[in-house]
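Scroll down for the structure; my scribbles are underneath it.
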2 protein chains.
Amino acid sequence: MKIGVVAARTGVAVHVLRHWEDEGVVVPDRTAAGHRDYTEEHVSRLRIVRSCQRVGLSLASIRLILHRDEAGRTEVIERHLQHVRNQKNELDAAEAFLTHVLTCRHDLMSRCDSCSAYAAG
Amino acid sequence: MKIGVVAARTGVAVHVLRHWEDEGVVVPDRTAAGHRDYTEEHVSRLRIVRSCQRVGLSLASIRLILHRDEAGRTEVIERHLQHVRNQKNELDAAEAFLTHVLTCRHDLMSRCDSCSAYAAG
DNA sequence: TCTTGACCTCAGGTCGACCTGAGGTTCTAG
DNA sequence: CTAGAACCTCAGGTCGACCTGAGGTCAAGA
């Protein structure tokens, strides 16, 4: 499958696909003429890259996750798992705060209990 | 309160505090000599900045959230609220995926139901 | 007073993740 | 067999959020 087709199917721009290859994240095969040649497996992985990016993983981490042979993989994944779990709590707090500030009428956050609670982390 | 004291209290480096001021996020008062002078209210806001950053908000967005008079504030906050809610689902999916890949033995993700499910996500 | 540390501004560098353009090759429809 | 689309590499630019260093001012103790 050619890069343009993959870009259309995944919604990932051509130059981004090339960038991800440069970073070793998803590396397609090549045709005799040197054109990138993607399989369905590559497409699967591309979608996983986007999903991982949405939760804040860097390309370097994603590369690690996608390549079972890389050193330190387990540690990195466990670190990210921990981070993902913490993030849920962060998000709950942030949701409460954002909901609150929409209607908060205090001029000083330090005098508003809800705002102070969020500041206290 | 001087910038060095604030840095020590909040764990935010001095140069970062100056950067946040440049970006209009938390702007301290000044002493007669031109030194930055922070109040407890500023410190509260600094902590809120860090919390917001942890859920991925940009300094520009945080500035908006902290300044009730800025135009488009409500819309931006509601957009972020929506994003925060979506993020929780993303995190659940990511947690399941990361937990899975730790022990997944398939060479091809496209042939692994769990991996494919995440790619489809 | 004098020193030393904390403060100031301003310019320029770094890093990750793209994005753009130049200049050249390959594929495909007519 | 040729035009134009799609592909290629490589160099350089952008953006957000810092980070570092130069060169100078201000403040508090010996």
| query | Within the range B:5-13, is even one residue surrounded by fewer than 14 Cβ atoms within 10 Å (Cβ to Cβ), more than 13 Å from DNA strand C (Cβ to nearest atom) and within 14 Å of chain A (Cβ to nearest Cβ)? | reply | yes
Within the range B:91-106, the residues that are within 14 Å of A:Glu95 (Cβ to Cβ) and either in contact with a Ser or Thr (Cβ under 9 Å, 6 or more places away or on another chain) or assigned by TED's automatic domain parsing to the domain that holds B:Gln53 (or both) are none
With criteria (1) at the interface with chain A (Cβ under 8 Å from one of its Cβ atoms); (2) farther than 20 Å from A:Arg79 by Cα; (3) open to solvent by 50 Å² or more (accessible area, probe 1.4 Å), B:Ser114 comes up short on (1)
Among (1) within 13 Å of DNA strand D (Cβ to nearest atom); (2) among the aliphatic types (A, V, I, L, M); (3) under 30 Å from A:Ile62 (Cα atoms), B:Val5 falls short only on (3)
When (1) among the hydrophobic types (A, V, I, L, M, F, W, C); (2) outside the structural domain of A:Val6 (by TED's automatic domain parsing); (3) outside any helix (DSSP H, G or I) are applied to A:Val76, the one that fails is (3)
Flagged in the range A:39-60 as open to solvent by 20 Å² or more (accessible area, probe 1.4 Å) and more than 7 Å from chain B (Cβ to nearest Cβ), in numbering order, are A:Thr39, A:His42, A:Arg50, A:Gln53, A:Ser58, A:Leu59, A:Ala60
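The values are calculated or read from the model by the stated rules, or taken from the named source; none is laboratory data. Nothing here was measured: the structure is a model prediction, and the numbers come from that model. Glycine gets a Cβ as well: all are built from the backbone with ideal geometry, and neighbour counts include every protein chain shown. Each accessible area value is taken on the protein alone, full model and side chains, heavy atoms only, with ligands, DNA and RNA left out. Shrake-Rupley method; radii C 1.70, N 1.55, O 1.52, S 1.80 Å.
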